[in-house]
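Take a look at the structure below.
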Amino acid sequence: MKAAAKALKSPQPIPADLPIKLGVDLGTAFTVLVVTDEAGTPLAAAHTFADVVRDGVVWDFAGAQQVVRNLRLQLEEATGRELTRGAVTIPPGVNAADHRAHRYVIEGAGIDCTAVIDETTAANAVLGIRNGAVVDIGGGTTGVAILRDGEVIANIDEPTGGTHLSLVIAGAFGIPFEEAEKRKVKPRLQRELLPVVRPTLEKVATIVRDAVRDHDVDHITMVGGTAAFFGAADIVADVTGRRTTLAPHPMLVTPVGVASWAENLTR
Ligand SMILES: Nc1ncnc2c1ncn2[C@@H]1O[C@H](COP(=O)(O)OP(=O)(O)OP(=O)(O)O)[C@@H](O)[C@H]1O
Ligand SMILES: [Mg+2]
């Protein structure tokens, strides 16, 4: 995942003869494109903040297409490779129509969609958890997947995520949402923001507690951008009573994982 963070910062040209895979993660807050090699090592990534998906549903179809197209062109430029085939994520539990919407978004952006994978299954391609729970705290929602022998046996997705934290910060300090969003992601400010957002993180932790309650879960792994907030893993551990750890580079786990379902792009 360190490679993914580096790839996101400065995507490099990729040799023309190297088979590569493209993954697209359409999120509430961020849309992320990741290029990996055949083994799943991230080589290049691009992301942007875009309000095109709400609660897992594409509500701005044209906007979403444009965002994915721009990211594709940006990555093609940086890597020198054509990115015309790939796999896309969907939130767990979306219906068939919304499922198709995600596929059509990337196809409208010039990417032939060869697989549609739910977000947790995608994340677990990187995490490789056999038994336990994966919690994805994104921008709009908190998803929880229970894994037994490597299979997802239960999956929930409930509203409450990073956007709610930003709204609370905006309200508490009387600042615009965008300003709150900027302050929130600065690690050095998070310690002092924690008391303000603690009730919202506790609400997230309650969603997790209810989701794991009836399952034999010893260990929770957290992914998604909001999982990185200072103290979030401790709050989830306290409320659920289960050992909880944060995956490295939590925002990139799902986008890197979905690429593993894509078909190879060769020149
Ligand atoms: N370092 C950080 N600390 C806290 N929050 C962060 C950090 N980095 C990103 N975020 C927040 O994480 C959220 C985005 O995470 P992510 O990309 O996992 O969500 P998403 O996939 O767009 O949303 P969803 O999964 O709900 O559809 C945003 O609310 C963003 O402000
Ligand atoms: Mg997400």
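For region 94-109, just list the computed ³J(HN,Hα) in residue order, Karplus coefficients 6.51, -1.76 and 1.60, θ = phi - 60°, integers in Hz, with x standing in for Gly and Pro.
Ordered by residue, 3J(HN,Hα) equals 7, 7, 4, 5, 5, 4, 5, 4, 4, 4, 5, 4, 6, 5, x, 8 Hz.
Calculate the length of the line joining the C-alpha centroid of region 1-65 to that of region 222-244, in whole Å.
25
Roughly speaking, what is the stretch gain from I175 to R191, that is 0.36 nm per residue apart minus the C-alpha to C-alpha distance, in nm to one decimal?
Stretched fully, the I175-R191 segment lengthens by 3.9 nm.
Name the residue, out of L22, L193, L75, whose mean-square fluctuation peaks in a Gaussian network model built on the chain with Cα pairs under 10 Å.
Its mean-square fluctuation being the largest, the pick is L193.
Tell me, what ³J(HN,Hα) does each residue in region 68-83 have, in order and in whole Hz, if you take phi through Karplus 6.51 cos²θ - 1.76 cosθ + 1.60 with θ = phi - 60° and put x for Gly and Pro?
5, 4, 4, 5, 4, 4, 4, 6, 4, 4, 6, 9, x, 10, 7, 10
Report the far tail of the P(r) of the chain, meaning the percent of Cα-Cα pairs longer than 34 Å.
15
Write out the trypsin sites (Lys or Arg not before Pro) in region 153-228 meeting two conditions: DSSP loop, and at most 15 other Cβ atoms within 10 Å of their Cβ.
Of the trypsin sites (Lys or Arg not before Pro), the ones in loops of region 153-228 whose Cβ has at most 15 other Cβ atoms within 10 Å are R213.
Tell me, Kirkwood radius of region 120-267 from alpha-carbon pair distances, in Å?
Computed over Cα pairs of region 120-267, the Kirkwood hydrodynamic radius comes out at 15.7 Å.
Filter the cross-link list K2/K203; K6/K186; K6/K184; K21/K184; K2/K184; K21/K203 down to pairs whose alpha-carbon distance in this structure exceeds 26 Å.
K2/K203; K21/K184; K21/K203
Relative contact order for region 129-246 using alpha-carbon pairs under 8 Å, separation at least 6, rounded to a whole percent?
29
Once Lys and Arg get +1 and Asp and Glu get -1 on their Cβ, which of A62, I129, F230 lies farthest toward the positive end of the dipole of the chain?
It is F230, whose Cα lies furthest towards the positive end.
In the Gaussian network model of the chain, springs joining C-alpha atoms below 10 Å, which of P176, P19, P159 carries the largest mean-square fluctuation?
Looking only at P176, P19, P159, the largest GNM fluctuation is found for P176.
What part of the accessible area of region 129-246, given as a whole %, is carbon or sulfur when the probe is 1.4 angstrom?
50
Taking amide hydrogens as modeled 1.01 Å from N in the peptide plane, which residues meet the under 5 Å criterion relative to A154, leaving out close sequence neighbours?
For A154, whose amide H was placed from the backbone, the distant partners under 5 Å are I146.
Which value, in debye to the nearest 20, gives the size of the charge dipole of region 129-246 about its Cα centre, when Lys and Arg are +1 and Asp and Glu are -1 at the Cβ?
440
Mind checking the per residue accessible area of the chain for me, 1.4 Å probe, whole number of Å²?
45
Counting just the Cα atoms, what span does region 216-267 cover along each of its three principal axes? Round to the nearest Å and put the largest first.
50, 27, 11
Starting from the Cα of E151, step 7 Å along the direction of its Cβ; do the same at R100; then give the gap between the two resulting points in nm.
Placing both labels 7 Å beyond Cα along the Cβ direction yields 2.9 nm.
So what's region 139-217 giving for Cα Rg divided by 2.2 N^0.38 Å, two decimals?
Cα-based Rg divided by the globular estimate yields 1.30.
Take the chain, connect every pair of alpha-carbon atoms lying under 10 Å apart with a spring to form a Gaussian network, then pick out the residue of I153, I90, I207 with the largest mean-square fluctuation.
It is I153.
Could you give me the ³J(HN,Hα) list for region 17-24, computed from phi with Karplus coefficients 6.51, -1.76, 1.60 and θ = phi - 60°, whole Hz, x at Gly and Pro?
Result, rounded to whole Hz: 9, 8, x, 10, 10, 10, x, 10.
With each run of n ≥ 4 DSSP H residues scored as -39500 (n - 2.57), what mean residue ellipticity at 222 nm is computed for the chain after dividing by its residue count and rounding to the nearest 500 deg cm²/dmol?
-13000 deg cm²/dmol
The values are calculated or read from the model by the stated rules, or taken from the named source; none is laboratory data. As the structure is a prediction and not an experimental result, all values here were calculated from the model. Using ideal geometry, Cβ is built from the backbone for each residue, glycine included, and neighbour counts are taken over all protein chains shown. Ligands, DNA and RNA are excluded from the accessible area calculation, which covers all protein heavy atoms including side chains. Shrake-Rupley method; radii C 1.70, N 1.55, O 1.52, S 1.80 Å.
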